[in-house]
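Reading through the structure tokens given below for one structure.
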Amino acid sequence: MNPQHPFRFSTGVIGYPIAFVLVIWVIYWIELRFGFRFNDFGVYPRTLSGLRGIVFSPFIHGSLEHLYHNTTPLLVLSIALFYFYRPMAWKVILYGIIFSGLFTWMIGSSAYHIGASGLIYVLMSFTLFKGVFSKHYRLIALSFVVIFLYGSMLWYVFPIKENMSWEGHLSGLFVGLVFAIIFRANIPKPPKYAWEVSNYDETEDPFLQQFDADGNFMELNTEENHASDPSIEIHYTFKEKDV
């Protein structure tokens, strides 16, 4: 990623999230159209057959309402992920699905856990905490936006609603926090100015070297051969500085 332009738009920023959401909707349409029920492919904790749900469960939803409520946050948060954290976006998504599903398999109640909400909590947690940890003003602003839009989701990591996989939410929140801590290498750093650099030497600043000892600006005008390279000519004219 170009350090001068850490945040750049590309077709993948919107294309990948839309494609992911479309796959989920198509799977739900197949269930309705052909009378299939894929709930048995969800995470069923502490069983060997339930392990397959770690991969399949994010694509399975129990109702149209369930799918609808997951679509918007999944789309918004994944777009933010690909725009602000592109170098690590796929790692967050793929590892997020695996580890949040695995933790749900370990701590979940004995029922089929389905839906993309575990991944949504991974994305929400990651963007929230990574913005704070990175200390980049744009990423901090993104964290505040996430809090404003989805801060109420934090309540659902507790068993406050019947027939809701709070274990999957809690697993996603925890995995996102861990990812925010360990995924550090590709975070864009905010630009530093001269006065912020501890080893800054103003005598080596090319801008300040354009002034003489009295503060007068030196314009390039009078011919003078450069000492180290005769092929380079430097011209000087002394001019009073405008006050």
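What follows draws every value from the coordinates through simple rules; no lab data is involved. Keep in mind that what you see is a predicted model, and the values were worked out from it rather than measured. Neighbour counts run over all protein chains shown; Cβ positions are idealised from the backbone, glycine included.
Mean shadow of the stretch 65-112, computed from the convex hull of its alpha carbons, in nm²?
Mean orientational projected area (the stretch 65-112, Cα hull): 4.1 nm².
Under a Cβ-Cβ cut-off of 12 Å, what is the net charge of the residues other than M106 that fall near it, where Lys and Arg count +1 and Asp and Glu count -1?
Every neighbour counted, the sum reads 0.
Given H placed 1.01 Å from N in the peptide plane, which residues other than close sequence neighbours of H113 have an amide H under 5 Å from its amide H?
Here V43, Y44 satisfy the definition.
Take each of the peptides 169-177, 157-165, 71-79, average the number of other beta-carbon atoms within 10 Å over its residues, and list them starting from the highest.
Put in order of decreasing packing, that is 169-177, 71-79, 157-165.
Give the Rg (one decimal place) followed by the Dmax (whole number) of the stretch 11-182, computed from C-alpha coordinates and expressed in Å.
According to the Cα coordinates of the stretch 11-182, Rg and Dmax are 15.4, 50 Å.
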